[in-house]
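Q: Sharing a structure with you now.
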Amino acid sequence: MTIPVSRVAAMPFFPLHEPPATGPQGQPLRRLNLNESPMPPSPGVIAAMAEAAGGAHRYPDGEAMALMQALSAKTGQPLDHLFVAAGSNELLAASAEIALDPGDGMVAPVPGFPTYAKLARQRGAVFTGVPVTAEGRLDIPAMLAAVTPQTRLMFVSSPHNPTGAVMTAAEIEALVLGLPPHVLLHFDEAYYEFGRAAGGPDALPLLARREGPWIATRTFSKAYGLAGARVGYGIAATPVLAQAIRKVRPNFSLNIMALAGAVTALSEEAELHALLESAATEQAYLAKGITELGFTPLTGAANFVAALKPEGAGDLQGALRERGIHVSGFDLGGRAALRITLGTRADHDAVLLTLREVLTANV
Ligand SMILES: Cc1ncc(COP(=O)(O)O)c(C=O)c1O
């Protein structure tokens, strides 16, 4: 039997199986490749989710008003500019759905979050990937130059995955003012809390200066440690745009356990600050350690460290994997780089020890 839509038939399939709990030699697997939080949810969040499970025979509130109200209070944004979904992945898809017909253009940075290119394929749109700079920063003039009359959607992320680069206010301003109004600007802030904690700008007042449409999205998967619960939210330029996202979102996709967990997590300011503080400490520790091993860390702020590998280092990602440590790799203008998610201090010591062993053995 064939799949009726040929562009879907032609899409590559990357199954997202959970890795085994142990590495090849039976050692505990260190998952440092998906930018998850190393900390489980707080007891308060777990209790709220467990209590909500008692009502799982009912559909959730499809408009998620308790979470929307908590987000409005937290962000200072009016309710009719907000929207929520089961993870920000679902919101990236919503943008593609409201902006792209087959044949339209999408512009996004490369390397970048893989979902952007996947969504272009899925919608039958033309994907234009714009290389980031040698330092791993978004190349705003090049991204603006890549826009054509057919372009309908641009994705940017700040902090950027996989390089960690945080856009400056001047870069956001140049993008916001230079992008023509026929393009929907999707400002992906999955690592928002880390960027702000490191002194990055508040993008919303800058985005508000844009004449054309924009939306910004954030997630509970990273700083709030709820990747497995699937909760994302966003802010749109206008109520009409926020409503468009709410129109196309799958009905009831945010389940009641996730909703309860997110509302509680949002109220736990102390837990968030502790996580951000520990992330900053661990980022500095890991960056210093790999610098001593000959890596060149990129400047950024997220729950990972991105770094260029030492010259001639070989397949470090594969070598780490053989020793039960999963990290991810990417190419930066022809130079190989690793992206290592921040874990516990024990994870970082294991990474540093293993890299030292592998690099010494390679010499
Ligand atoms: C840049 C970026 N955007 C979006 C997401 C999606 O996050 P989620 O769907 O868990 O909210 C991620 C996850 O890694 C990401 O790195």
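The values are calculated or read from the model by the stated rules, or taken from the named source; none is laboratory data. It should be emphasised that the depicted structure is a prediction, and the values quoted were computed from it without experimental measurement. Virtual Cβ from ideal backbone geometry, glycine too; neighbours counted across all protein chains shown. Ligands, DNA and RNA are stripped out before the accessible areas are found, and what is left, the full protein with its side chains, is counted by its heavy atoms. Shrake-Rupley method; radii C 1.70, N 1.55, O 1.52, S 1.80 Å.
Q: Looking only at the stretch 185-196, which residues are away from the ligand (no atom under 13 Å from the Cβ) and either among the basic types (Lys, Arg) or open to solvent by 10 Å² or more (accessible area, probe 1.4 Å) (or both)?
A: Scanning the stretch 185-196 gives a single hit, Arg196.
Q: For the stretch 215-254: of the residues being under 21 Å from Pro201 (Cβ atoms) and more than 16 Å from the ligand (Cβ to nearest atom), which is surrounded by the fewest Cβ atoms within 10 Å (Cβ to Cβ)?
A: This residue is Ala237.
Q: Right, something else. Looking only at the stretch 159-178, filter to residues that are open to solvent by less than 10 Å² (accessible area, probe 1.4 Å) and in contact with a helix residue (DSSP H, G or I) (Cβ under 9 Å, 6 or more places away or on another chain); which one of those is farthest from the ligand (Cβ to nearest atom)?
A: Restricting to residues being open to solvent by less than 10 Å² (accessible area, probe 1.4 Å) and in contact with a helix residue (DSSP H, G or I) (Cβ under 9 Å, 6 or more places away or on another chain), the top hit is Val176.
Q: Picking from Phe194, Phe127, which residue would you name as being over 15 Å from the mean Cα position of the chain (by Cα), of a type in the set (Phe, Trp, Tyr) and not in a loop (DSSP other than H, G, I, E, B)?
A: Values: Phe194 fails: over 15 Å from the mean Cα position of the chain (by Cα).
Testing whether each residue is over 15 Å from the mean Cα position of the chain (by Cα), of a type in the set (Phe, Trp, Tyr) and not in a loop (DSSP other than H, G, I, E, B) leaves just Phe127.
To keep it simple, each residue is scored yes or no on (1) surrounded by fewer than 22 Cβ atoms within 10 Å (Cβ to Cβ); (2) touching a residue at least 24 places away in the same chain (Cβ under 8 Å); (3) touching a Gly at 6+ places or on another chain (Cβ under 9 Å).
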site	(1), (2), (3)
Ala279	no, yes, no
Ala306	no, yes, yes
Leu320	no, yes, no
His326	yes, yes, yes
Phe330	yes, yes, no
Thr341	no, yes, no
